[in-house]
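The values are calculated or read from the model by the stated rules, or taken from the named source; none is laboratory data. Note that the coordinates shown come from a computational prediction; the quantities given were computed from them, not determined experimentally. Heads up, the Cβs are rebuilt from the backbone with ideal geometry, glycines too, and the neighbour counts pull from every protein chain shown.
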Amino acid sequence: MATGHLHIDLDAVAANWQALDALSGPTVETGACVKADGYGLGAGRVAHRLAQAGARRFFVAAAEEGAALRQSLGRGPEICVFSGHMEGDTALIRDHALTPLLNSIDQMLRHVEALPGHAFGIQLDTGMNRLGMEPAEWASLREVAEQQGPSMVMSHLACADEPEHPMNAQQLQTFLDLTRGLGCPLSLAATGGTLLGPALHFDITRPGIGLYGGLPFAKARPVVTLDLPVIQTRSLAPGETVGYANAFTATRPTRIATIAAGYADGLIRAAGPSARVFHDDTPCPVVGRISMDLITVDVTHLSEEPAALTILNARQTVDQLASAAGTIGYEILTSLGARYTRHYS
Ligand SMILES: *Cc1c(COP(=O)(O)O)cnc(C)c1O
């Protein structure tokens, strides 16, 4: 079989959720962000395991994701939608009991007209200028919104992965100013904010990446292992080259293994020159260019012919592979390919 094996450790996801939950006081609810199909790992499987661990509130990007998640979770847990109530979302929101996080006056009007009495939350912009009501918009709407009883009011931090960044204090102050006197649950922290300490926790935290083993949660348990089968191994004489553009030239007798995955499987081409794969604990350098479905690896130093090589494990985490490609762990996770055979434990 020439497809990679992606192993997803759901117990590690649950342990990461519990560890983040333990960082905030007993009155703070820890939610779980499972947008983009659970950061590529399967929103239904991840959320089901987290619900067993005690998570009661899940966050997705779009109503369609919320509808699919409701099928996996059943009635009970709250499913909040960051994009709010978009045109065309009404039936999904109603039929799957979703909670849109309303981002503008237009969304607020759409929601109360289409689904009077249906749950909603409010997303405020506190300086990131991406999603949420602006302070002036919120001022004109706050009284009406309060009468309707929002299930939460939230905002999002732009620089929470940099603890010393002045933007954190600035956004905190803006959020405090905008929510003073409100009687509903408040939420400001994703993974980064949760790690910054209690001042940012409010009533609900919304970690995503930390659940999946990614930075900035440095103490996270790794969640994914990715093993790639070796299709062929060959011997090169000095001077022979490997792959597109002859990007690698052997300088000594060399054994090259060709493994079954490439940039079409989310193994970003730019990672090539500094990525490694592992045979048990032995690192093997990727050589030549990563191509669409194949990666070539120098295995000269191995004492046996490997049947498979591992590209993600505790020794090379999503963040290490990401930095080899000049990107972030989030992008590696959410790019994990559809061709892998997935195993959950
Ligand atoms: C993605 C997202 C989160 C989760 O962020 P992480 O950095 O993955 O913990 C929380 N809130 C909002 C609004 C988001 O977009």
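General observations
- Lone unmet requirement of (1) hydrophobic (A, V, I, L, M, F, W, C); (2) closer than 27 Å to residue 8 by Cβ; (3) touching a residue at least 40 places away in the same chain (Cβ under 8 Å) for residue 284: (3)
- Residues being of a type in the set (Ser, Thr, Tyr) and within 9 Å of the ligand (Cβ to nearest atom) - total across segment 163-192: 2
- Test: residue in segment 207-220 that is away from the ligand (no atom under 15 Å from the Cβ) and either free of Cβ contacts under 8 Å to residues at least 60 places away in the same chain or assigned by TED's automatic domain parsing to the domain that holds residue 128 (or both): no
- When residues of segment 246-259 are limited to those that are surrounded by 21 or more Cβ atoms within 10 Å (Cβ to Cβ) and within 18 Å of residue 305 (Cα to Cα), the one nearest to the chain's Cα centre (by Cα): 259
- Residues of segment 1-41 classified as surrounded by fewer than 20 Cβ atoms within 10 Å (Cβ to Cβ) and among the basic types (Lys, Arg), total: 0
- Flag if residue 157 is within 30 Å of residue 336 (Cβ to Cβ), of a type outside the set (S, T, N, Q) and more than 12 Å from the ligand (Cβ to nearest atom): no
- The residue list 226, 195, 236 contains one member that is under 18 Å from the mean Cα position of the chain (by Cα) and away from the ligand (no atom under 16 Å from the Cβ), which is 226.
Results for (1) away from the ligand (no atom under 13 Å from the Cβ); (2) modelled with pLDDT of 95 or more; (3) within 17 Å of the chain's Cα centre (by Cα); (4) not assigned by TED's automatic domain parsing to the domain that holds residue 154, shown as yes or no for each residue.
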{"site": "1", "(1), (2), (3), (4)": "yes, no, no, yes"}
{"site": "15", "(1), (2), (3), (4)": "yes, yes, yes, no"}
{"site": "20", "(1), (2), (3), (4)": "no, yes, yes, no"}
{"site": "27", "(1), (2), (3), (4)": "yes, yes, no, no"}
{"site": "32", "(1), (2), (3), (4)": "no, yes, yes, no"}
{"site": "48", "(1), (2), (3), (4)": "yes, yes, yes, no"}
{"site": "54", "(1), (2), (3), (4)": "yes, yes, no, no"}
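- Test: residue in segment 69-90 that is of a type in the set (Asp, Glu) and either within 13 Å of the ligand (Cβ to nearest atom) or not assigned by TED's automatic domain parsing to the domain that holds residue 123 (or both): no
- The residues of segment 93-111 that are among the hydrophobic types (A, V, I, L, M, F, W, C), under 24 Å from the mean Cα position of the chain (by Cα) and surrounded by fewer than 22 Cβ atoms within 10 Å (Cβ to Cβ) amount to a single one, 97.
- Of the strands (runs of 3 or more DSSP E) entirely within segment 265-345, those holding at least 2 residues that are farther than 23 Å from residue 221 by Cα and out of contact with any helix residue (DSSP H, G or I) (no Cβ under 6 Å at 6 or more places or on another chain) occupy 282-287, 295-298.
- Scanning segment 170-185 for residues that are more than 23 Å from residue 31 (Cβ to Cβ) and assigned to a helix (DSSP H, G or I) yields a count of 3.
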